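*Asks:* Below you'll find the structure I mean.
The values are calculated or read from the model by the stated rules, or taken from the named source; none is laboratory data. Everything numeric in this text was worked out from a predicted model, so none of it was measured. Virtual Cβ from ideal backbone geometry, glycine too; neighbours counted across all protein chains shown.
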């Protein structure tokens with residue numbers, strides 16, 4: 001089978017990129033031909049079809065200008081990219097695929113590629129990594145406040161303007177709302193054969209906002225076989241791995257670490273902006289920041305941890321940091337939110353705490369630190385669950401069923 005994978009980033013960075021590269025490798029191992037379509041970027045991994053990638057655009061720079069001209073340029077590119085459709089058409093001619101599998105395409109690539117694909121009578125499936133289809137600000141958050149917001153409904157997206165959800169900006173919020181309305185009006189939803197939802201939580205949100213359940217398949221993300229670790233090391237520390245960002249709950253975590261005097265905390269990830277500026281002053285004596293870690297270094301840190309802590313303040317869909325912990329037989333302490341809740345509940349592989357509750361988080365951290373045997377048992381349950389639900393072969397079999405259904409129904 002010939003498959004084109006479409007994702008804005010063609011370099012490691014975020015869950016959508018991780019999944020795209022993992023999936024490309026898996027499909028090739030199973031004998032399929034895989035091609036990529038992405039945005040041109042200096043950080044990109046070299047690709048034989050990069051001559052057709054859509055041109056680079058820096059939305060952060062445009063948004064910094066915050067004027068009508070930059071806003072219109074942003075909107076024009078974000079809603080429907082003629083360049084992306086034209087270039088993608090050339091790639092379709094070059095590859096002659098059986099199916100197109102979308103990942104993160106909003107803003108930079110845009111759903112224009114869907115229209116080109118369907119004009120050729122080809123099937124389209126779309127793995128959703130966030131809530132952009134039903135939330136103008138993508139994450140059900142009001143930027144700046146960190147508060148979850150579900151004021152928008154099936155067609156009523158205007159509350160995002162009133163609340164200035166996106167970047168605390170009237171212009172940015174208005175543009176995001178207009179983008180959402182236009183994509184709904186031109187029928188983007190109707191041109192996708194199947195939406196693939198990593199979490200049951202995301203599927204429920206989509207159905208409640210009008211997307212037919214019959215066209216949404218719950219397909220959990222997978223982990224490569226090498227991430228399922230046999231090591232049973234335990235040096236007693238709890239590990240936070242991921243972006244050190246306010247929405248990841250980094251501030252409640254550091255406050256909890258001050259209270260959790262029986263806990264050793266290690267933080268691994270990229271710290272940026274205000275967090276980077278404040279981090280040194282916020283770290284308690286029992287916490288250590290080790291910087292950005294990837295690959296072998298990160299796996300080594302994980303294999304020696306007692307548990308992972310992920311106190312996010314937003315509706316995480318299906319974070320790789322949590323499934324990676326499970327694959328390594330490590331339990332997790334997570335916020336009782338979004339897709340994290342179902343992972344911990346179904347696996348019995350961790351502890352749920354109310355989001356932002358510093359006292360509850362500190363108690364859970366100290367309990368995990370003081371009960372190594374219980375932590376080990378939770379970790380074993382978590383790994384067993386991950387093997388059943390998140391292994392590559394399980395994912396591949398289900399994905400092939402969806403591909404075949406899409407091809408038959410095109």
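*Asks:* Yes or no: residue 319 under 16 Å from residue 199 (Cβ atoms), surrounded by 22 or more Cβ atoms within 10 Å (Cβ to Cβ) and touching a strand residue (DSSP E or B) at 6+ places or on another chain (Cβ under 7 Å)?
*Replies:* When the stated conditions are applied, residue 319 passes them.
*Asks:* Filter segment 263-288 down to residues that are assigned to a loop (DSSP other than H, G, I, E, B) and over 23 Å from residue 326 (Cα atoms), then give me how many there are. Don't jump to the end; show me each part of the working.
*Replies:* To start, the set of residues in segment 263-288 that are assigned to a loop (DSSP other than H, G, I, E, B) comprises 263-264, 269-270, 272, 283-286.
This time we only want the ones that are over 23 Å from residue 326 (Cα atoms), so: 272, 283-286.
Number satisfying all stated conditions: 5.
*Asks:* Answer yes if at least one residue in segment 365-375 is free of Cβ contacts under 8 Å to residues at least 24 places away in the same chain and either in the same structural domain as residue 100 (by TED's automatic domain parsing) or in contact with a strand residue (DSSP E or B) (Cβ under 6 Å, 6 or more places away or on another chain) (or both), and no otherwise.
*Replies:* No, every residue in segment 365-375 fails to be free of Cβ contacts under 8 Å to residues at least 24 places away in the same chain and either in the same structural domain as residue 100 (by TED's automatic domain parsing) or in contact with a strand residue (DSSP E or B) (Cβ under 6 Å, 6 or more places away or on another chain) (or both).
*Asks:* Next question, about the same structure. Tell me, yes or no, whether segment 225-235 has at least one residue that is under 25 Å from residue 130 (Cα atoms), in contact (Cβ under 8 Å) with a residue 24 or more places away in the chain and under 16 Å from the mean Cα position of the chain (by Cα).
*Replies:* Taking every residue of segment 225-235 in turn, none turns out to be under 25 Å from residue 130 (Cα atoms), in contact (Cβ under 8 Å) with a residue 24 or more places away in the chain and under 16 Å from the mean Cα position of the chain (by Cα).
*Asks:* Then there's this: Which one is surrounded by the most Cβ atoms within 10 Å (Cβ to Cβ), of the residues in segment 355-364 that are assigned to a helix (DSSP H, G or I) and either outside the structural domain of residue 252 (by TED's automatic domain parsing) or in contact with a helix residue (DSSP H, G or I) (Cβ under 6 Å, 6 or more places away or on another chain) (or both)? It would help to see each step written out before you state the result.
*Replies:* In the first step, residues of segment 355-364 are kept if they are assigned to a helix (DSSP H, G or I); the result is 358-364.
With the extra rule that they be either outside the structural domain of residue 252 (by TED's automatic domain parsing) or in contact with a helix residue (DSSP H, G or I) (Cβ under 6 Å, 6 or more places away or on another chain) (or both), the set shrinks to 358, 361-362.
Values: 358: 21, 361: 27, 362: 22.
Only one residue tops the list, namely 361.
*Asks:* Still on this structure, I have one more. I'm told residue 162 meets every condition in (1) surrounded by fewer than 17 Cβ atoms within 10 Å (Cβ to Cβ); (2) closer than 22 Å to residue 16 by Cβ except one. Can you identify the failing condition by its number?
*Replies:* That leaves (2) as the condition not met.
*Asks:* A further question on this structure: Residues being crowded, with 21+ Cβ neighbours inside 10 Å and either assigned to a loop (DSSP other than H, G, I, E, B) or not assigned by TED's automatic domain parsing to the domain that holds residue 9 (or both): count how many of those fall in segment 108-129.
*Replies:* Final tally of qualifying residues: 7.
*Asks:* Could you check segment 19-45 and list, in sequence order, the residues that are part of a loop (DSSP other than H, G, I, E, B) and either closer than 16 Å to residue 223 by Cβ or touching a residue at least 24 places away in the same chain (Cβ under 8 Å) (or both)?
*Replies:* 30, 32, 38, 41, 43, 44, 45 - these are the residues of segment 19-45 that are part of a loop (DSSP other than H, G, I, E, B) and either closer than 16 Å to residue 223 by Cβ or touching a residue at least 24 places away in the same chain (Cβ under 8 Å) (or both).
*Asks:* Under the condition of being surrounded by 15 or more Cβ atoms within 10 Å (Cβ to Cβ) and assigned to a loop (DSSP other than H, G, I, E, B), which residue from segment 1-18 is modelled with the lowest pLDDT?
*Replies:* 14
*Asks:* Another one. As an exercise: evaluate residue 136 against (1) assigned to a loop (DSSP other than H, G, I, E, B); (2) within 21 Å of the chain's Cα centre (by Cα); (3) in contact (Cβ under 8 Å) with a residue 60 or more places away in the chain and give the number of the one condition it does not meet.
*Replies:* Answer for residue 136: the failing condition is (3).
*Asks:* Looking only at segment 289-300, decide whether some residue is touching a residue at least 60 places away in the same chain (Cβ under 8 Å), closer than 29 Å to residue 128 by Cα and in a loop (DSSP other than H, G, I, E, B). Give the derivation first.
*Replies:* Looking only at segment 289-300, we keep the residues that are touching a residue at least 60 places away in the same chain (Cβ under 8 Å), and these are 294, 299.
The next check asks that each one be closer than 29 Å to residue 128 by Cα; those that pass are 294, 299.
From the residues that got through so far, the ones that are in a loop (DSSP other than H, G, I, E, B) too are 294.
Yes, segment 289-300 has at least one match.
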